[in-house]
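First the structure, in the form of structure tokens, and then the observations on it.
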Amino acid sequence: MTVQLNQNSEKIIENCITLPLNQKLKNSTTSEYLRGGVICNFTIHKDLPIYKFHLVGGIDIYNVFDRIEISKRNENTLSQTLEIERIDPLKEDEEFFVAEDMNFDGYKDIRLILYQGATGNKGYTIWLFDPSKNLFIEKKELSELVSPTFNSKTKTIRAYYNYSSCEYLNQTYKIAKNGKLIQISKERQEWIEKSKSFQQKIGKLKNGIWVYHTRLTQC
């Protein structure tokens, strides 16, 4: 739970609350503990009212949530509804819904986890907040990244795909002025049968040209 002050110096509590389970949805096959729905309160920007996100429990027994209903603090009318595609079952300690500035414009955006693979890879749907429209709009480029992390200091995004315990793909991106993702570095480690060793191939974008070097390494 986080406590912040808004522009009126009012205390605002940021948190997520799991709602009671609808009896009709018991014995479902997917994340039963969340199927009553979840309500999250997040501050998107210090000059905006707090936003309430109601993750509505799925009617389909194979899905966790059906949609996200968004409203502003103390308003009874919905400002936006986001439809949700199928979500894999979630662990009880999983951080599944997050508000974070993911395009480094000073406004928090939201992401919802869709899956978590056996090797730890995670996929999300990411919606960026558009302050000119006061709407959350899905950013397909970001949603396609695997296990993304966002560095507000360097304003870069890291995507990490784990193939196995010793094989991976590590990619770094920045966001251009037009909002497009630009990849600036990548590192791939994989097993080379011929040399019976792992090979790292590291590439960096320099003056618009990719420069690579490789080396053999251990797991």
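The values are calculated or read from the model by the stated rules, or taken from the named source; none is laboratory data. As the structure is a prediction and not an experimental result, all values here were calculated from the model. Here the Cβ is made from the backbone with ideal geometry for all residues, glycine too, and neighbour counts use every protein chain on show.
Descriptive notes on the structure:
- Cβ pairs under 9 Å, 6+ apart, first in segment 128-141 and in the same structural domain as residue 109 (by the TED database) and β-branched (Val, Ile, Thr), second surrounded by 14 or more Cβ atoms within 10 Å (Cβ to Cβ) and outside any loop (DSSP other than H, G, I, E, B): 137/127; 137/128; 137/129
- Whichever residue in segment 101-144 is touching a Gly at 6+ places or on another chain (Cβ under 8 Å) and closer than 19 Å to residue 39 by Cα and, among such residues, is surrounded by the most Cβ atoms within 10 Å (Cβ to Cβ): 113
- Filter pass, residue 95 being farther than 18 Å from residue 40 by Cα and not polar (S, T, N, Q): no
Here is a yes/no grid of residues against (1) basic (Lys, Arg); (2) surrounded by 13 or more Cβ atoms within 10 Å (Cβ to Cβ); (3) in the same structural domain as residue 125 (by the TED database):
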{"site": "146", "(1), (2), (3)": "no, yes, yes"}
{"site": "153", "(1), (2), (3)": "yes, no, yes"}
{"site": "168", "(1), (2), (3)": "no, yes, no"}
{"site": "171", "(1), (2), (3)": "no, yes, no"}
{"site": "178", "(1), (2), (3)": "no, no, no"}
{"site": "187", "(1), (2), (3)": "no, yes, no"}
{"site": "196", "(1), (2), (3)": "yes, no, no"}
{"site": "199", "(1), (2), (3)": "no, yes, no"}
{"site": "203", "(1), (2), (3)": "no, yes, no"}
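- Test: residue in segment 169-191 that is under 13 Å from residue 156 (Cβ atoms), assigned to a strand (DSSP E or B), aromatic (Phe, Trp, Tyr) and touching a residue at least 12 places away in the same chain (Cβ under 8 Å): yes
- Restricting attention to segment 25-49 and to residues that are charged (D, E, K, R) and either over 23 Å from residue 89 (Cβ atoms) or surrounded by fewer than 17 Cβ atoms within 10 Å (Cβ to Cβ) (or both), the residue that is modelled with the lowest pLDDT turns out to be 26.
- Residue match in segment 9-24 (condition: loosely packed, with under 14 Cβ neighbours inside 10 Å, assigned to a loop (DSSP other than H, G, I, E, B), modelled with pLDDT under 80 and in contact with an Asp or Glu (Cβ under 6 Å, 6 or more places away or on another chain)): no
- Residue selected from segment 57-70 under the condition surrounded by fewer than 18 Cβ atoms within 10 Å (Cβ to Cβ) and closer than 20 Å to residue 129 by Cα, by the criterion farthest from the chain's Cα centre (by Cα): 69
- All strands (runs of 3 or more DSSP E) inside segment 87-142 with 3 or more residues being at pLDDT below 95 and over 21 Å from residue 153 (Cβ atoms): 109-116
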